[in-house]
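Structure first, then comments.
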Amino acid sequence: MKNTDAPIVVEEIYMTTLENVWKAITELDQMKKWFFEQIKSFEAKEGFETQFVVEIENRKFTHLWKIEEVIPNQKIKYNWRYKEYEGDSFVTFELFENESNVKLRLITEIIHSFQSNVPEFTRESCVGGWEYFVKSSLKEYLMPEK
């Protein structure tokens, strides 16, 4: 992923309340169930920082998150990078309430290019990861099959 790439945008609609979606994307116990079970701490407040490790094929990815902006029930924006690798990005979750559903828009903007020799840092991998989290994992968490 390069800083010259267009932002990655993934959207999904959930047949639930705004409050349910907001809690799922901002409360630690819920985030562990659909996002990253390795998250050690999280608070939806500007300036909050956390880190946690995800290992993939004997490679370590220490996630470094800093919350940049919070508008309750509307938007949360992280600075997202990794301790072991070059690259820096912003990830923004935006929520839009309609009469019977909530739309989530996830935007990833690359500030400084990520290392091109790491498979997880290709655009295809990033798009696939976000589509999995937003369109599958979070959707199944919020709207389990009856």
Test I107 against the criterion of being hydrophobic (A, V, I, L, M, F, W, C), within 22 Å of W22 (Cβ to Cβ) and within 12 Å of the chain's Cα centre (by Cα), and give yes or no. yes
If the requirement is being over 16 Å from T92 (Cα atoms) and either in contact with an Asp or Glu (Cβ under 7 Å, 6 or more places away or on another chain) or in contact (Cβ under 8 Å) with a residue 24 or more places away in the chain (or both), which of these qualifies: E11, E19? E19
Being loosely packed, with under 14 Cβ neighbours inside 10 Å and either of a type in the set (V, I, T) or within 19 Å of N3 (Cβ to Cβ) (or both) is true for just one of I110, I56. Which residue is that? I56
Does I71 meet the test of being touching a residue at least 40 places away in the same chain (Cβ under 8 Å) and either farther than 21 Å from P144 by Cβ or exposed (fewer than 14 other Cβ atoms within 10 Å of the Cβ) (or both)? no
Cβ-Cβ under 8 Å pairs, at least 6 apart or on other chains, the range 131-146 side assigned to a helix (DSSP H, G or I), far side among the acidic types (D, E) and at pLDDT 95 or above: V134/E11; V134/E12; K135/E12; L138/E12; K139/E12
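The values are calculated or read from the model by the stated rules, or taken from the named source; none is laboratory data. Note that the coordinates shown come from a computational prediction; the quantities given were computed from them, not determined experimentally. A quick note on method: Cβ atoms are made from the backbone with ideal geometry, for glycine too, and the neighbour counts reach across all protein chains shown.
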